[in-house]
Amino acid sequence: MKNIFSAKKSLVFIGAIFILFIGIVIGSGMKRDNPVPNSDLIANVAEVAKEDVTENDNNIVVSESKADNGLVKVIRVIDGDTIEIEGGERVRYIGIDTPETVDPRKPVQCFGVEASRKNKELVDGKEVRLEKDITDKDKYGRSLRYVWVGETLINLELVKQGFANSYSYPPDIKYQDDFVKAEQEARDAKRGLWGATCQENINATTPIAVPSQTDTSASVSGSCVIKGNINSSGEMIYHLPGCSSYNVTKIDESRGERWFCSESEALTAGWRKALNCP
């Protein structure tokens with residue numbers, strides 16, 4: 001009887017061991033199908049994830065910083081008052097006008113090449129900050145902006161050095177007083193286009209005024225010397241003798257520009273008086 005009990009006990013023990021073995025085998029299979037990472041693996045994964053997040057955050061900060069600084073690169077200087085920036089956008093300087101060099105309808109004007117060269121020296125290949133006034137674009141699709149390199153307003157610098165004349169018109173007149181003052185200083189010092197060479201050329205090529213047939217009261221005096229100019233934005237502006245831009249303003253009748261014998265005639269025709277006139 002004792003032997004039978006011992007035999008049964010042995011069988012139970014062997015069965016328990018067998019069941020335990022089967023459980024281990026099944027458990028190992030499940031681990032292969034669904035591996036559970038050990039503590040070192042979990043730590044490594046967490047560290048990599050942390051590095052990725054940090055790197056992404058840094059990229060975002062850098063990108064935002066570049067966008068917030070407001071700087072754009074000048075890739076080409078077109079002439080004395082127009083540039084091209086990254087992306088192909090053209091920018092026309094507000095408040096100034098430089099002698100013509102690229103308009104196929106006009107001859108190259110005195111000091112135009114020098115103005116273009118100076119503009120290139122000041123901004124070409126550099127990062128600039130663009131400041132908008134009121135009007136966004138002119139009729140040619142060019143952005144109208146004040147252009148800054150560091151603390152230097154390039155529009156104003158060109159006027160100061162005699163490479164451009166003041167040419168502000170409403171509503172974009174934020175720095176008009178500065179431009180007019182700078183032009184007067186350049187004129188007094190006979191800098192650039194206000195020097196003897198350009199002034200002699202202007203005096204030699206200024207057309208003789210012809211009385212207009214549309215204003216009989218003015219025709220009596222035989223003096224039609226008011227210049228009706230159309231600027232690069234298509235605005236019609238007249239200049240009187242004594243206005244800051246009078247001597248450098250050219251009249252091209254093929255573009256619709258004309259001479260007037262009186263201010264009333266100019267105003268009736270839709271022209272306005274230049275802001276830099278006294």
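The values are calculated or read from the model by the stated rules, or taken from the named source; none is laboratory data. Since we're looking at a predicted model, the values are computed, not measured. All Cβ positions, even for glycine, are placed from backbone atoms using ideal geometry, and neighbour counts span all protein chains on display.
Would you please name the residue that is surrounded by the most Cβ atoms within 10 Å (Cβ to Cβ), looking only at residues in the stretch 132-144 that are touching a residue at least 24 places away in the same chain (Cβ under 8 Å) and part of a strand (DSSP E or B)? Talk me through it step by step, then tell me what you get.
Step one: filter the stretch 132-144 for residues touching a residue at least 24 places away in the same chain (Cβ under 8 Å), giving 133-135, 138-144.
Those left that are additionally part of a strand (DSSP E or B): 143-144.
Details: 143: 17, 144: 20.
Step by step, filter the stretch 132-144, then rank; the result is 144.
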Taking the stretch 231-278 and keeping residues outside any loop (DSSP other than H, G, I, E, B) and crowded, with 19+ Cβ neighbours inside 10 Å leaves 237, 238, 239, 258, 259, 260, 265, 266
Considering the stretch 164-184, residues that are of a type in the set (Phe, Trp, Tyr) and part of a loop (DSSP other than H, G, I, E, B), and then whichever is modelled with the highest pLDDT, we arrive at 175
Just to be sure before I move on: is residue 172 without any contact (Cβ under 8 Å) to a residue 60 or more places away in the chain and out of contact with any strand residue (DSSP E or B) (no Cβ under 6 Å at 6 or more places or on another chain) in the structure I sent? no
Flagged pairs (Cβ under 6 angstrom, 6 or more apart or on separate chains; first in the stretch 236-264, more than 21 Å from residue 168 (Cα to Cα) and not assigned by TED's automatic domain parsing to the domain that holds residue 109; second part of a helix (DSSP H, G or I) and of a type in the set (A, V, I, L, M, F, W, C)) are 260/266; 261/218; 262/218
The residue that is farthest from residue 196 (Cα to Cα), considering only those in the stretch 92-122 that are β-branched (Val, Ile, Thr) and crowded, with 23+ Cβ neighbours inside 10 Å, is 94
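Could you tell me how many of the residues in the stretch 229-260 are among the small types (Gly, Ala, Ser) and touching a helix residue (DSSP H, G or I) at 6+ places or on another chain (Cβ under 7 Å)?
Pass one, the stretch 229-260, residues among the small types (Gly, Ala, Ser): 232-234, 242, 244-245, 254, 256.
Restricting the remaining residues to those that are touching a helix residue (DSSP H, G or I) at 6+ places or on another chain (Cβ under 7 Å) gives 244.
The number of residues fulfilling the criteria is 1.
Has the stretch 145-163 got any residue that is part of a loop (DSSP other than H, G, I, E, B), out of contact with any Gly (no Cβ under 9 Å at 6 or more places or on another chain) and in contact (Cβ under 8 Å) with a residue 12 or more places away in the chain?
no
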Counting only residues that are at positive phi and exposed (fewer than 15 other Cβ atoms within 10 Å of the Cβ), the stretch 145-164 contains a total of 1
Among the residues of the stretch 102-131, the number that are part of a helix (DSSP H, G or I) and among the charged types (D, E, K, R) is 5
